[in-house]
1. Counting C-alpha atoms alone, how compact is the stretch 22-180: give Rg to one decimal and Dmax as a whole number, in angstrom.
2. How would the stretch 1-111 be classified by its alpha-carbon gyration tensor: rounded, prolate or oblate, with rounded meaning a/c under 1.5 and the a/b versus b/c comparison settling the rest?
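All of the numbers you see were taken from the coordinates with simple rules; none came from a lab. The shown structure was predicted, so the numbers you read here are calculated from the model rather than taken from an experiment.
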Amino acid sequence: MEIIKDFTCNVDISELLEQLKIMDSQDVSEFKRILDIAKKIAKPKAIYVEGFIEERGNDFIIVNGVKFVSRTLSKNLADVDRVFPYIATCGAELDSIGFPDDLLKEYWWDSIKAYYLNIARNGLMDYIKTRFSLKKTSTMVPGGGEYGLWPIEQQKELFSLFGDVESLIGVKLTNTYLMMPNKSVSGFLFPTERDYSGCRVCRRKNCPGRSAEFDENLWKALEIEANLQIKK
């Protein structure tokens, strides 16, 4: 298990201004002020562990003694012996500040947190690929895509691979299996020659996080309908 806290945090303010469509000079000035606050306290973090698949079945795998139930996960890892469970976060430091009385500023702050999460996640992926000489990789996350791909309840099993995650990197799991800080992500990184994205087997429309179009053929190939019946 390894914790990474020394990410290089190069923030492209032009990218953020364009993303948030901030053009008014007064708004730009106020956004820069808020971003300066974030820059002073932001400490994005990540943790990962090298995991080995010890047993597998049609709808489950066992990694480092922990059972994960998902037909899709089992299919995607059919030719894989090693995976890298991970958790990345914007950091509790950013989560300690908010603007609940100003919806616009709260939206800006949430977007800044997402930016720092991407720094942690992308930095972690690059680090793992370099350290373990991985070429092409994909990821799966509990709760990603439609229910049944890999149920969000499996967050509990994923967190168990690390022990006390809150004391390690400041991320805690709620009773509904969501993560706090809210700009945190967990999942498996694994080597593969195939492209996989949970978005390609998710029929949810108008999702702001969509990174790929829905693929009906892939949906059928993974037998999602059968997977939705698994209630473990």
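1. Looking at the stretch 22-180, its Cα Rg and Dmax stand at 18.3, 59 Å.
2. On the way: a/c = 3.19, a/b = 2.57, b/c = 1.24.
Judged from the Cα gyration tensor, the stretch 1-111 comes out prolate (a/c at least 1.5, a/b above b/c).
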